[in-house]
Amino acid sequence: MGTDLSRRAVLGGVGMVSMGAGLMVGSAQGQPAAAAASPVRGIATTVKFSTGTEPPRTPAPPLATDCHHHVYDARFPPDPRTQLRPPDASPEDYRALARRLGTQRSVLVTPSTYGTDNRLHLQAMRELGPERTRMVAVVDTSVTDAQLREMHEAGVRGIRFNLVQAGVTTLEMLEPLSARVQPMGWHTQIHMLGDQIADNEALFARLPAPIVFDHLGRIPMDKGVEHRGYQTVRRMLDAGKAWVKLSGAYMDTKVGPAGRWSDTVPVARGYATGAPERCVWASDWPHVTEPAEKPDDAALFDLLTEWVPDEAARRRVLVDNAAVLYAFPRA
């Protein structure tokens, strides 16, 4: 219990702890733990649901963490209340992405497709290795305390509310579920559009558990830092109530990959300079919102050098912050 209390203090804004030692595991390329002190260069390889084959120009720091990705498997039926029906994307497919990027830890997120059925992602967490994988689940108010405890033991560290794609969670569930998961040190992950975030600032401010905003807060990039959703997220970051995922550059850009998603830079850099201890990075693979052309994941990883130009700050985003937020074990 002491560990959980200490972690909640950090999540609540008391301060950051040094997680430099991290989890001593082999790299995505099979390097032994002793060799993990040097940067991890990705390898050229084909990855399903990703454009290109080359690795990022920028090597990943040891224990770099991808804080948001999914898997899909047709053997697990979709919830009839949901809309997205992506093709299969397996843990082995994801391993190819990790090898290409050089990342060594990851966080699975149950997508809207499966409603509150977390079985596939719990299984994938075991396949990818519980020592280097965490998970964010989807639950509703019918979940029992025993089920929450069981998920915690498996490696779940948060619950997600997707209010962009039609699904099984509602805004009314947010406050009671936040109160139930806060004692375990979990967070509530919010996928909402920027205007929705601004409209619900008062609700977010009274939630007991920390909040993690998905995909840059879904800010319309033609409005950028002037948008009220951005300003809401910044106020919550500054108050120590929230975190933000530096991810999903392709979702709200107006310039797209041809413009190297340059219109996302002011928003992402604003978060990272304003609250460098409360930002994490994620791929959002397999990019199910992009049915026509998948993005180049190496280019998205390299974009982080523009979002967070300082190397030490980037390491904090990729390694230290993720270790705190998802409670990866220390060596």
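Results for (1) outside any strand (DSSP E or B); (2) touching a residue at least 60 places away in the same chain (Cβ under 8 Å), shown as yes or no for each residue.
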residue	(1), (2)
Thr46	yes, no
Phe49	yes, yes
Cys67	no, yes
Arg75	yes, no
Pro80	yes, no
Inset, instruction - Answer yes if at least one residue in the range 259-276 is over 25 Å from Thr110 (Cα atoms), open to solvent by 30 Å² or more (accessible area, probe 1.4 Å) and part of a loop (DSSP other than H, G, I, E, B), and no otherwise. - result: yes
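Quick test for you: out of Thr103, Thr110, pick the one residue that is open to solvent by less than 10 Å² (accessible area, probe 1.4 Å), within 17 Å of Val212 (Cβ to Cβ) and hydroxyl-bearing (Ser, Thr, Tyr).
Values: Thr103 fails: within 17 Å of Val212 (Cβ to Cβ).
Of Thr103, Thr110, the one residue that is open to solvent by less than 10 Å² (accessible area, probe 1.4 Å), within 17 Å of Val212 (Cβ to Cβ) and hydroxyl-bearing (Ser, Thr, Tyr) is Thr110.
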Per the filter on the range 63-75, residues open to solvent by less than 30 Å² (accessible area, probe 1.4 Å) and either within 17 Å of Lys48 (Cβ to Cβ) or of a type outside the set (S, T, N, Q) (or both) are Leu63, Ala64, Asp66, Cys67, His68, His69, His70, Val71, Tyr72, Asp73
Restricting attention to the range 289-313, the residues that are open to solvent by 10 Å² or more (accessible area, probe 1.4 Å) and within 15 Å of the chain's Cα centre (by Cα) number exactly 1
Here the residues within the range 200-248 that are under 20 Å from Val136 (Cβ atoms), open to solvent by less than 50 Å² (accessible area, probe 1.4 Å), touching a Phe, Trp or Tyr at 6+ places or on another chain (Cβ under 9 Å) and in a loop (DSSP other than H, G, I, E, B) are Ala209, Pro210, Ser247
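Suppose the filter is touching a Cys at 6+ places or on another chain (Cβ under 6 Å), part of a helix (DSSP H, G or I) and closer than 17 Å to Cys67 by Cα; does Ala322 pass it? Walk me through how you get there before you give the answer.
Details: touching a Cys at 6+ places or on another chain (Cβ under 6 Å): yes; part of a helix (DSSP H, G or I): yes; closer than 17 Å to Cys67 by Cα: yes.
When the stated conditions are applied, Ala322 passes them.
Test Val255 against the criterion of being in contact (Cβ under 8 Å) with a residue 60 or more places away in the chain and of a type in the set (A, V, I, L, M, F, W, C), and give yes or no. Working first, answer last.
Details: in contact (Cβ under 8 Å) with a residue 60 or more places away in the chain: no; of a type in the set (A, V, I, L, M, F, W, C): yes.
When the stated conditions are applied, Val255 does not pass them.
The values are calculated or read from the model by the stated rules, or taken from the named source; none is laboratory data. The shown structure was predicted, so the numbers you read here are calculated from the model rather than taken from an experiment. Ideal geometry is used to build each Cβ from the backbone, glycine not excepted, and the neighbour counts take in all protein chains shown. When the accessible area is computed, the model is the full protein with side chains, heavy atoms only, and any ligands, DNA or RNA have been set aside. Shrake-Rupley method; radii C 1.70, N 1.55, O 1.52, S 1.80 Å.
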